[in-house]
Amino acid sequence: MAEWFQDNGLLLGLALLDGLSSAGLIFLVAVGLNLVFGVLRIINVAHGSLYAIGAYSAASIGIFLSGRGLPDWASIPTLILSAALVGAILGPIIERLLLRRIYAQEEVVQLLVTFALFMILEDVQKLLWGVQPIHHDTAMRWLGTIDVPFGADFIPFTNYQLFVLPGIAIVTLVGLAWFLRRTLTGRVIVAVTTDREAATAMGIDAAKVFLLTFTFGAMLAALGGALSSPTAALVPGIGAQTIVLSFAVVATAGLGQIEGAALTSLMMGLGRSIAVYFEPELEVVVPYIIMVLVLLVRPQGLFGVIETRRV
Amino acid sequence: MSDVLLQATGLRLAFGGVKAADGIDLGVMKGEFLAIIGPNGAGKTTFINMSTGYLRPNAGEITYEGSRITGLSPRAIVKRGIARSFQLPQLFAEHTVEQNIALAVASRDGIWSPLTPLLRPGYRDEARDLLDRFGLSAIAHARADALNEGARKLADIAMAVALKPRLLLMDEPTSGVAASEKMGVVETLARVLRDAQVTAVFVEHDMDVVERFADRVAVWSQGRIAALGPPQQVLSDPAVQRDVIGIERHA
Amino acid sequence: MRKIEPFLALLLAAAMITAAVTAPWLRFVLTIALAKGIAVIGILLLLRAGQVSFGHALYIAFGAYTVAFLAPRYGDAVVLLLLAAVGAGLLGLVIGLFVTRYRQIFFGMLNLAMSMVFYSLLEKLYHYTKGSDGIRVEIMPIAGQTLDRVAYEWWIFGIAMGLAFVLGFLIRLYLSSPMGEALAGIKTRETRLEFMGVPARGVLLAAYVMSAMLGGIGGAIIAMTSRHVTPLLSYWTSSGELVFIAILGGAGGVLGPFLGAAAYELVRIYAAASFADAWQMILGAVLLLVILFAPGGLWGMAARVMKGRAQ
């Protein structure tokens, strides 16, 4: 064991740091999906497309503004603003034009409508940004790297991935929990989540809550994408990859659970990056193995509540 | 005690702090119609749920024909000959009434053969016959979710009867049935059950129905049996009249 | 409508054969459509129980790779079809024992997880599977007869058509039996089944195994027709495509999947030829139009037309 650490300690350290930063990204996307599901009861397959479009938009806007003299420090706020913009534009369009028509439909139909949207957005994305990799990492480069002490050694790691990504994820987690539990709007959203009929009967404007929640969820997906854009080149297919991972997070966490999504994202982020460094064949499989194991023990998900039926 | 069909002994069950069963002892005699009355929340449905395997008591046991059934699954208990109907009818909403009943008839002999419609087409005739006896023939081809409450209730009971049980537990069979039709419905039901020699336990709020059809009445109160005996005797008991019937009449 | 279904099936078959005779490339497309139609009957079974599998491409891929792996050794189409069906059935039994404990979104996502695990195995175990390059399948003898390419393709088309009829007939019988009605009962009142002495999970498991076998058969035919298998067969978007076809065709009768599959493949080919970069977008748009304006799918449309005639 000690010997193994001697040989692989640094690699493990790197895996942990990588896992932490990717957990931050996974959380942002998955919590958006989970929130939308909790309120609208729709699994949005196109959530991954919003992630991809958020990433591409942020990179394009960044490249455009950098070429016009945007100072490097401003690239991080630019990422966040781009995401907000994407969510604010696409969210209401999708909710009003599409989802609104299908709230009363069967689950499979709802799932397919968002699947159709996913297919459309995948091609929109290819038409707008092509299939060549796009990369814009000013934000990450500007923040530089840090030597993270690990045992007797140091691991060089980017400040962006170490602080910005997990930081924003934590701020989102805390902010979201505060918002849902302490503000009036938040409580209204929770009320709609737990009992839609009762909430509507109490005079809550469900249509408004749905619009708000979906737009916010879209912003979170786009934010995940935007923040990921400096760390890797953007290629077609990132949306499809992201959405399946988010599905796994949501099912593992329990439906509508925020803290569950955070914990699950952490498990999957770490699990995946450890696999990348030690058993790369397993990388894609790890999240599903985690999901299957969790559901074996807790069929309703980590934080899910069992719904019992009265007879 | 050869004529005891179902025997409950010392049943206890609590949800949180509420004692839904607080020492229930009750023997159901072969061939009788036993009515259960009592205020809401007294634990009447809980007794049915425990007797059919949906809930497991914290303590005590239930025996059926001398052997213990506490701890068995609903499925295993049905196989032994105990069927039930529900306070809220549990129908297959997208099936027609006839399909609902036919499925219940077919499930008696196991449903595993996809060739049943070819090899044993008789199950559909039996379902139609049952529909006829319950007066449901006119709506045989209506979807279950399109029925009114009374018809849903009847179909629900018909499904339980289709299982050919020896003991039938019914949870408020007449609630939701229009007052004008109530006696007729119960009359029909009683005839079907007597023809098939089915022992019946039914939770009932209508004292006229109880008086007319029950051989014995058990009065539930806060998870206990407050009184047990023939209807005339129990229903004229001042305490019962004050605590149960008074409430029922005003409910 | 049920009564004239066999007649419509014959009509559809005649149309398909005419098309296949007139244009050889249509023969290829329609063989694939028949194969997918067979697999989609499996999706239909699960939809009857109110469950959506977002991972049934797993069984298609399993059937296809069974053919690819075993063709060099047991190179006979009939033997391989049998092996694919039995193998997929066994796999379905193992996975089904696990996933039939879950409902709704958990059921859908666990199926998705299984198919994604299979996908990554196919992609990563390069030594055996040649990774994303895939495996070529040579023309194989059929029932001991060695054939030239054209005869071979005709035979596979004929086998697909024959199987579509036989399997469609059997499934129709099954769905109208108490076993099939109990399956539909899972959707609306699963607890009641238990109170009738019917093991609901067993009913669902039986349907699940059948659906896996249908997927395996469909996959085997796809491999024999396209003669090239890749891990993409198991990707989640392929599973989405199956659900897409099920809804496109309409969940009414067993003819729906074939109507849906033929329409899907034709639209896809046409869109890919006319708008190479936007075929997904066109398919997505078609799906949206069908869901929003033709609920009940093609089968539903046909039923309405027939009703109009009858009156």
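The values are calculated or read from the model by the stated rules, or taken from the named source; none is laboratory data. These numbers come from a predicted model, not from an experiment. Neighbour counts are summed over all protein chains in view; Cβ atoms, including those assigned to glycine, are modelled from backbone coordinates with ideal geometry.
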- Query: Looking at (1) touching a Leu at 6+ places or on another chain (Cβ under 9 Å); (2) hydrophobic (A, V, I, L, M, F, W, C); (3) assigned to a helix (DSSP H, G or I); (4) touching a residue at least 60 places away in the same chain (Cβ under 8 Å), which is the only condition residue A:64 fails?
  - Reply: (4)
- Message: Quick test of your reading of the structure: residue C:285 fulfils all but one of (1) among the small types (Gly, Ala, Ser); (2) more than 29 Å from residue C:177 (Cα to Cα); (3) touching a Pro at 6+ places or on another chain (Cβ under 6 Å). Name the failing condition by number.
- Response: (3)
- Can you find a residue in segment A:14-33 that is within 14 Å of chain C (Cβ to nearest Cβ) and assigned to a helix (DSSP H, G or I)? yes
- Message: Just the residues that are facing chain C (nearest Cβ under 10 Å) and acidic (Asp, Glu), please, taken from segment A:73-120.
- Response: A:106, A:107
- Just to be sure, is residue A:222 surrounded by fewer than 24 Cβ atoms within 10 Å (Cβ to Cβ) and either touching a helix residue (DSSP H, G or I) at 6+ places or on another chain (Cβ under 7 Å) or within 22 Å of residue A:99 (Cα to Cα) (or both)? no
- Message: Looking only at segment A:138-164, filter to residues that are assigned to a strand (DSSP E or B) and among the aliphatic types (A, V, I, L, M); which one of those is surrounded by the most Cβ atoms within 10 Å (Cβ to Cβ)?
- Response: A:155
- Message: of a type in the set (S, T, N, Q), away from chain C (no Cβ under 14 Å) and closer than 23 Å to residue A:100 by Cα: is that true of residue A:231 in this structure?
- Response: no
- Item | Enumeration of residues in segment A:227-261 that are of a type in the set (Gly, Ala, Ser) and within 21 Å of residue A:299 (Cβ to Cβ) | A:246, A:248, A:251, A:253, A:254, A:256, A:260, A:261
- What is the number of the single condition among (1) modelled with pLDDT under 90; (2) within 30 Å of residue A:207 (Cβ to Cβ); (3) within 20 Å of the chain's Cα centre (by Cα) that residue A:140 does not meet? (2)
- Note on the structure: All conditions in (1) of a type outside the set (Lys, Arg); (2) within 12 Å of chain C (Cβ to nearest Cβ); (3) touching a residue at least 12 places away in the same chain (Cβ under 8 Å) are true of residue B:65 except (2)
- Message: Can you find, within segment A:125-137, the residue that is surrounded by the most Cβ atoms within 10 Å (Cβ to Cβ) among those that are within 14 Å of chain C (Cβ to nearest Cβ) and in contact (Cβ under 8 Å) with a residue 40 or more places away in the chain?
- Response: A:125
- Query: Among the residues of segment A:275-287, how many are buried (at least 20 other Cβ atoms within 10 Å of the Cβ) and at pLDDT 90 or above?
  - Reply: 3
- Among the helices (runs of 4 or more DSSP H) contained in segment C:210-311, which hold 2 or more residues that are among the aromatic types (Phe, Trp, Tyr) and within 14 Å of another protein chain (Cβ to nearest Cβ)? C:236-249, C:279-293
- Query: Can you name the condition, by its number, that residue C:54 falls short on among (1) at pLDDT 95 or above; (2) surrounded by 24 or more Cβ atoms within 10 Å (Cβ to Cβ); (3) in contact with a Leu (Cβ under 7 Å, 6 or more places away or on another chain)?
  - Reply: (1)
- Given C:102, C:126, C:152, C:119, which one is surrounded by fewer than 20 Cβ atoms within 10 Å (Cβ to Cβ) and modelled with pLDDT of 90 or more? C:102
- Pick from segment C:170-180, criterion assigned to a helix (DSSP H, G or I) and without any contact (Cβ under 8 Å) to a residue 24 or more places away in the chain, ranking: farthest from the other protein chains (Cβ to nearest Cβ): C:170
- Query: Got a sec? Which of A:87, A:91, A:32 is under 25 Å from residue C:112 (Cα atoms), crowded, with 17+ Cβ neighbours inside 10 Å and of a type outside the set (Val, Ile, Thr)?
  - Reply: A:32
- Query: Can you pull out the residues in segment B:41-61 that are closer than 19 Å to residue C:197 by Cα and buried (at least 22 other Cβ atoms within 10 Å of the Cβ)?
  - Reply: B:48, B:49, B:50, B:51, B:52, B:53
- Tally of residues being within 10 Å of chain C (Cβ to nearest Cβ) and more than 18 Å from residue C:49 (Cβ to Cβ) across segment B:83-95: 5
- Task: Inspect segment B:147-167 for any residue being within 14 Å of chain C (Cβ to nearest Cβ), surrounded by fewer than 17 Cβ atoms within 10 Å (Cβ to Cβ) and in contact (Cβ under 8 Å) with a residue 24 or more places away in the chain and give the result as yes or no.
- Result: yes
- Task: Please specify each residue of segment C:190-205 satisfying the condition of being within 27 Å of the chain's Cα centre (by Cα) and facing another protein chain (nearest Cβ under 8 Å).
- Result: C:199, C:203
- Applying the selection to segment C:146-166, what residues are under 22 Å from the mean Cα position of the chain (by Cα) and part of a loop (DSSP other than H, G, I, E, B)? none
- Message: Criterion first (surrounded by 23 or more Cβ atoms within 10 Å (Cβ to Cβ), within 14 Å of another protein chain (Cβ to nearest Cβ), modelled with pLDDT of 95 or more and within 24 Å of residue C:262 (Cα to Cα)) does residue C:40 satisfy it?
- Response: yes
- Message: Testing residue B:88 on (1) surrounded by fewer than 17 Cβ atoms within 10 Å (Cβ to Cβ); (2) within 23 Å of residue B:172 (Cα to Cα); (3) touching a residue at least 12 places away in the same chain (Cβ under 8 Å), one condition comes back false. Which one is that?
- Response: (3)
- Task: Sort through C:298, C:233, C:288 and tell me the only one that's of a type outside the set (Phe, Trp, Tyr), crowded, with 23+ Cβ neighbours inside 10 Å and either at pLDDT below 95 or at negative phi (or both).
- Result: C:233
- Does segment A:266-277 contain any residue that is closer than 18 Å to residue A:241 by Cα, of a type in the set (Ser, Thr, Tyr), in contact (Cβ under 8 Å) with a residue 40 or more places away in the chain and away from chain C (no Cβ under 11 Å)? yes
- Do you know which residues across segment C:181-199 are within 19 Å of residue B:124 (Cα to Cα) and in a helix (DSSP H, G or I)? C:181, C:182, C:183, C:184, C:185, C:193
- Item | Odd one out for residue A:174 among (1) closer than 25 Å to residue A:32 by Cα; (2) within 14 Å of another protein chain (Cβ to nearest Cβ); (3) among the aliphatic types (A, V, I, L, M) | (2)
- Message: Yes or no: segment C:122-135 includes at least one residue that is under 14 Å from residue C:212 (Cα atoms), within 11 Å of chain A (Cβ to nearest Cβ) and out of contact with any Gly (no Cβ under 6 Å at 6 or more places or on another chain).
- Response: no
